[in-house]
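Each remark here refers to the structure printed beneath this line.
The values are calculated or read from the model by the stated rules, or taken from the named source; none is laboratory data. If you're wondering where the values come from, they're calculated on a predicted model, not measured in any experiment. Because the Cβ atoms are built from the backbone with ideal geometry, glycine has one as well, and the counts that use them run over all protein chains shown. Remember, those area values only see protein heavy atoms, side chains included, never the ligands or the DNA or RNA. Shrake-Rupley method; radii C 1.70, N 1.55, O 1.52, S 1.80 Å.
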Amino acid sequence: MAVIDVDGVVADVRHRLRFLRVHPGDWDAFFAAADIDPPLAEGVELVHTLARDHEVIWLTGRPERSRPATVRWLQEQGLPVGELRMRPDDDRRPARIFKRSELRRMGARRRVAVVVDDDPAVVELLRADGWPVLRADWLAYEPTLGNAQNEEGRT
């Protein structure tokens, strides 16, 4: 299976970062604006390529409450909408810890061929654990998002 992140991989979040440049960040507004994210062509193309011979599993730090908007957005982009793993609404762990935990659960039952993520902290931790990780670097990683995730424990 191919495990793919959403934000920063297939969805361009730059227009939403203004909600996180204040402290504390306005996470409700940040996620409410996700339905108008422009697609990232490089990520969309990669997912279509991987979907030819891999089961695509979405692993996102987006909260469960944003599931309907996320599914709708993926469908609108013509992306496969199979399994979608999202952070429980009350989960405040940093993205790297949440994703590590979920990946360990998935990897116990199925073979993970590749993990695609844009967050350097996620990539570093998962690589250290031995997972095959491809860093999505087609959009410059925004420190605002990384700081908010690590300080507030939310994505």
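Is it the case, given these coordinates, that I4 is more than 16 Å from P80 (Cα to Cα) and of a type in the set (A, V, I, L, M)?
Taking the combined requirement at face value, the residue does not satisfy it.
Residue count for segment 94-111 under the criterion of being over 16 Å from the mean Cα position of the chain (by Cα) and in contact (Cβ under 8 Å) with a residue 60 or more places away in the chain: the result is 2. Note on segment 80-93: among residues that are open to solvent by less than 60 Å² (accessible area, probe 1.4 Å) and of a type in the set (D, E, K, R), the one that is nearest to R65 (Cα to Cα) is R87.
Scanning segment 121-143 for residues that are out of contact with any strand residue (DSSP E or B) (no Cβ under 6 Å at 6 or more places or on another chain) and either in contact (Cβ under 8 Å) with a residue 40 or more places away in the chain or under 16 Å from D7 (Cβ atoms) (or both) gives A121, V122, R135, D137, W138, L139, A140, Y141, E142, P143.
Can you go through D12, D91 and tell me which one is without any contact (Cβ under 8 Å) to a residue 40 or more places away in the chain and among the acidic types (D, E)?
D91
Counting the residues of segment 78-108 that are at pLDDT below 95 and among the small types (G, A, S) gives 4.
A quick yes/no check of all residues on (1) loosely packed, with under 14 Cβ neighbours inside 10 Å; (2) in contact (Cβ under 8 Å) with a residue 40 or more places away in the chain; (3) within 20 Å of V133 (Cα to Cα); (4) touching a Cys at 6+ places or on another chain (Cβ under 6 Å):
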| position | (1), (2), (3), (4) |
| --- | --- |
| W27 | no, yes, no, no |
| T49 | yes, no, yes, no |
| R52 | yes, no, yes, no |
| W73 | no, yes, no, no |
| G78 | yes, no, no, no |
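Of all residues in segment 1-13, those being in a strand (DSSP E or B), open to solvent by less than 10 Å² (accessible area, probe 1.4 Å) and within 19 Å of A140 (Cα to Cα) number 2.
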